[in-house]
Structure formats: C-alpha cells, structure tokens
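One structure is given here, and the rest of the page talks about it.
The values are calculated or read from the model by the stated rules, or taken from the named source; none is laboratory data. Quick caveat: nothing in here was measured; it's all calculated off a predicted structure. As a convention, Cβ positions derive from the backbone with ideal geometry for all residues, glycine included, and neighbour counts pool all protein chains shown.
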Amino acid sequence: MSKSSRITLVGAGLVGSLLATLLAQRGYAVDVFERRPDPRKAGFIGGRSINLALAERGWHGLRLAGLSDAMRPLAVMMRGRMVHDTDGRTNLQRYGRDDSEVIWSVNRGRLNMTLLDAAQAAGARVHFDARLESVDWKDSTLSFRSDVDGSLRTHAAGVLIGADGAGSALRQAMTQATDLGERFEPLGHGYKELEIPPLTAFDADRLPADLREARANGGTFAMEPNALHIWPRGGYMCIALPNAEGSFTVTLFLPNEGDPSLARLDSRDAVRAFFERDFADAVPLMPEYLDDYERNPTGVLGTLYLDRWHWNDRALLLGDAAHAIVPFHGQGMNCGFEDAVELAELMEGGIADPAAVFAEFERRRKPNADAIAAMALDNYVEMRDRVDDADFLLRRALERT
Ligand code: FAD
C-alpha cells in the first residue's frame, strides 16, 4: 500500500474521530493513535466541558458521517438564551424566528463514543493508550507511550495528520523542526463546572413556588430545558446547558485575579457568599455546588494562533491543535468538524501531492478559523455584559433590520 493511501492520525477526540470516519469511508487505510484508554470500556475521561453546543455547521459533518439520526435523540434543542437577571427574572431571547434556527446541547462523551463507533465501523484502526511522545522526522517514525504499562511502540507514518487538541504533541514535534509562528494568548479568565441535577434527584419542596411548577408540568428539568441559560454579571457570568437525562451543566466563567475572581474564591464560605449574592436563583437548584466547586478542576482559557498549520508534506494540524479558541461562541468543535469535512473533500479520490492538499486546506480554512476566534472573544463581552442591556439589544435589532 502506498504511503499516500495510508493515513496516520494523532488524537481520537471529536475532530480526529470524525475525520477518521470520513477518510475511512473514502477508502483510506486509517490508523488513529489516542492517548486515553477506550472510553467505551474505561468510561469517558473528559477534562473539558461535559456538554457542548452543536450548531448546523457541526450537524453537517455528522450527517456526512451518517450519524445525525443516532445523535438527534441524544441532543437537546436550545431555542435561545434564557437570561437570568439579579432579581431572578428570566427573559428568553430567541436565536431565530422559529425552530429552524436553533442550536443543540450534546454530551461530549456520548458524541465521542458515537464517533469512535462510526470510525471503526468504516474500517479505521483506533489504537488506544498510545500517547505520541516523539517524532523522528528523518524516517517519519512516531513513538507512542502507553500510560498504563509505560511501554513504547513505533509506527512508520503514512500521511500524517494531528487532531490531538490544544496541547498537541504533534505540534510540539513540528515546532522543533520548523517555525509554525505559534502564539498563545491567555484570556485571564478561567472556568469551573457545576451541576443542576434533575428535579427528581433531590427534594423539590425546597424550591421556590414558580420552580416547583416545572415539576408539576411534568418535566424533570429544574429550569426551561430548551434554552441556553445565562446569568450575565458584567465582568463574569454563569451559563447552563441542558443534558438529555434532565440535568444541566453549569459553567462559571470568572477572572483569574481581582475581585471577584477564582483566586478570591478560596474557601467554601467565599464561594457560598458569592453565589448567594450573584446567582441567588440558581443556588437552590444546585444542592452540591460547594462540593462541585471544590472537587472540579479550574479550566484554563485562551486562543491559540498559528501562522502555518502544516509543514510541507510532512504533517498537517486541524481542530484545536491548529486553532484552539475561547468557548463563548460555542464553535470550537463545530469549526473543527468543518475542518474534517473540508479535508476529506479535498482528499476525495486520492492524495498524490500531500503538500498541495495541506496548503489548499489551510488556504480555505484559516480565514474562517481566524474569524471565529475573534468572534468568540467578542461574544464573551456580549454574553457577560450586554445580553441584559436593553439599549444594546435594541440597537443591535435595529442594525439587523
Ligand atoms: P480535543 O477534543 O481536545 O481532542 C484531542 C484528542 O487528542 C483527545 O482525545 C486527547 O486525548 C488526544 N491526545 C492529546 N494528546 C495526545 C497525544 N500526545 N497522543 C495521542 N493522543 C493525544 N465547542 C463547540 O463547538 N461548542 C461548545 O459549546 C463548546 N464548549 C466548550 C466549552 C469549554 C469549557 C471548552 C474548554 C471548550 C468548548 N468547545 C466548544 C470547544 C471544543 O471543546 C473543542 O473545540 C473540541 O473539543 C476540539 O476537538 P479536537 O478533537 O480538536 O480536540
């Protein structure tokens, strides 16, 4: 088999497993190397957000992989932003005129496992517990380490593609050999994930009367399920996305330093006082938020910029490995799925000249990735600051008409 019909893919996360599916469906022999154990056997080890907003851009990739029917029942429709003001009043701002313009909340682990099933069904070989450790560029040989028993194995690379996320080991190996023009701009804000469990999971009598109504109306969700909830508070905010089994994943976004900040929330009393002051209507819905806050890691946020996503015909990066962004437009995965679709289309019918395909891929996708990176940064200001600003919303509505 020629080198150019063999694909070596590093990372079987969301983007890597979609790309593996699309390339295997096009007749390529695909080997995917993934650092983690198989999540279908060992359980999903996340580390990033528990759920994600899937938009039409992302559904398109899933449709091409034949997965939209499998994912649709697992996704919860979000019609708009449900804004919670400091008095506990809520206001739904729809994303579009009707339910054709909505986004969907999906569980990251479920989506990744569905994509892995599809990749293997299409014929891709997925090697789990294989962490890329180094690349010998002289003979294009990759070394992978097992985190379970420490063993090392090598693999002679075919066409080499990296989808190993924001901390990409392939990118590091490439930058040892060539300058990709890499820079990372930290946001200075981080995040914590908390949970609003389904109403049945705790004593609903503790809820205020209006929230008890949700239960009387037959739902197990503690709030309106078909919305992305936002508590905008100026320099910071909470958001909550629904999960199909009736819970919500809440994410607090807060500056790392200053007042208030993640650094200042250094005790249960400080966290309680902060939430009771700023997110009072959410507190009764989160019976374990203080434990969640203590237990869950603090996430780091920033934007990764590269001048070049590929090195001649040697290797190409895509997804977060090429362009990690802040999550405020809910588009990182959606953009990565578009990368996978574009690359698979460019590789339709063979890849005789990898350098030309990599260059054309970068030419088509980089302006889009740069644009979404800038929009994601802008949207943080809008979400935390302006979604409850009536003047701003009126101005924006007038601009659009
Ligand atoms: P990843 O998902 O990071 O996958 C990389 C894979 O490579 C992993 O499986 C990892 O184990 C593996 N890997 C890493 N290193 C190695 C190695 N050395 N060797 C082998 N394998 C390796 N996007 C949206 O579209 N909508 C959202 O609502 C949204 N919300 C988000 C919320 C938060 C808080 C964050 C942090 C991100 C959010 N994103 C969202 C962005 C989204 O998570 C990423 O864009 C997406 O996960 C990128 O997919 P990826 O496959 O490129 O990288």
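If only one of A222, A201 is buried (at least 20 other Cβ atoms within 10 Å of the Cβ), modelled with pLDDT under 95 and of a type outside the set (D, E, K, R), which one is it?
A222
For the range 43-52, which positions are within 20 Å of L318 (Cβ to Cβ) and either crowded, with 22+ Cβ neighbours inside 10 Å or more than 7 Å from the ligand (Cβ to nearest atom) (or both)?
Selection gives G47, L52.
Note down all Cβ pairs under 7 Å where the first residue falls in the range 151-165 and is of a type in the set (V, I, T), the second is part of a loop (DSSP other than H, G, I, E, B) and more than 9 Å from the ligand (Cβ to nearest atom), and they're at least six residues apart or on different chains.
V159/I351
Would you tally the residues in the range 101-153 being within 30 Å of N226 (Cα to Cα) and among the β-branched types (V, I, T)?
4
Residue by residue, here is whether (1) without any contact (Cβ under 8 Å) to a residue 24 or more places away in the chain; (2) among the small types (G, A, S); (3) within 13 Å of the ligand (Cβ to nearest atom) holds:
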residue: N296; (1), (2), (3): no, no, yes
residue: D313; (1), (2), (3): no, no, no
residue: L317; (1), (2), (3): no, no, yes
residue: I325; (1), (2), (3): no, no, yes
residue: A359; (1), (2), (3): no, yes, no
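Being touching a helix residue (DSSP H, G or I) at 6+ places or on another chain (Cβ under 9 Å) and assigned to a loop (DSSP other than H, G, I, E, B) is the filter; apply it to the range 346-366 and report the residue that is nearest to D313 (Cα to Cα).
Taking the candidates together, the pick is D353.
Answer with yes or no whether A55 is more than 15 Å from the ligand (Cβ to nearest atom) and either in the same structural domain as G350 (by TED's automatic domain parsing) or modelled with pLDDT of 95 or more (or both).
Judged against the criteria, A55 is not a match.
I need the full set of residues from the range 226-239 which are in contact with a helix residue (DSSP H, G or I) (Cβ under 9 Å, 6 or more places away or on another chain) and either in a strand (DSSP E or B) or more than 19 Å from D87 (Cα to Cα) (or both), in order please.
Selection gives I230, W231, P232, M237, C238, I239.
Only one residue in D129, D117, D147 is more than 13 Å from the ligand (Cβ to nearest atom) and at pLDDT 95 or above, so which one is that?
The conditions single out D117.
Kindly provide the set of residues from the range 232-279 that are touching a Leu at 6+ places or on another chain (Cβ under 6 Å) and loosely packed, with under 14 Cβ neighbours inside 10 Å, ordered by number.
Across the range 232-279, the qualifying residue is only R268.
Every residue, every condition in (1) at pLDDT 95 or above; (2) buried (at least 24 other Cβ atoms within 10 Å of the Cβ), yes or no:
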site	(1), (2)
T8	yes, no
G11	yes, yes
G16	yes, yes
A20	yes, yes
L23	yes, yes
G27	yes, no
F33	yes, yes
D38	yes, no
K41	no, no
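Are there any pairs with C-beta distances below 8 angstrom linking a residue in the range 2-31 that is of a type in the set (D, E, K, R) to a residue that is more than 8 Å from the ligand (Cβ to nearest atom) and in a helix (DSSP H, G or I), with the two at least 6 apart or on different chains, and if so which?
The qualifying pairs are R26/A344.
When you check M78 against the structure, is it buried (at least 18 other Cβ atoms within 10 Å of the Cβ), under 17 Å from the mean Cα position of the chain (by Cα), more than 13 Å from the ligand (Cβ to nearest atom) and of a type outside the set (F, W, Y), yes or no? Spell out the reasoning first.
Details: buried (at least 18 other Cβ atoms within 10 Å of the Cβ): yes; under 17 Å from the mean Cα position of the chain (by Cα): yes; more than 13 Å from the ligand (Cβ to nearest atom): no; of a type outside the set (F, W, Y): yes.
Against the criterion (buried (at least 18 other Cβ atoms within 10 Å of the Cβ), under 17 Å from the mean Cα position of the chain (by Cα), more than 13 Å from the ligand (Cβ to nearest atom) and of a type outside the set (F, W, Y)), M78 does not qualify.
Please return the ranges of strands (runs of 3 or more DSSP E) entirely within the range 136-185 where 1 or more residues are surrounded by fewer than 16 Cβ atoms within 10 Å (Cβ to Cβ) and outside the structural domain of T21 (by TED's automatic domain parsing).
none
Please count how many residues of the range 338-356 are surrounded by 17 or more Cβ atoms within 10 Å (Cβ to Cβ) and either without any contact (Cβ under 8 Å) to a residue 40 or more places away in the chain or under 18 Å from the mean Cα position of the chain (by Cα) (or both).
5
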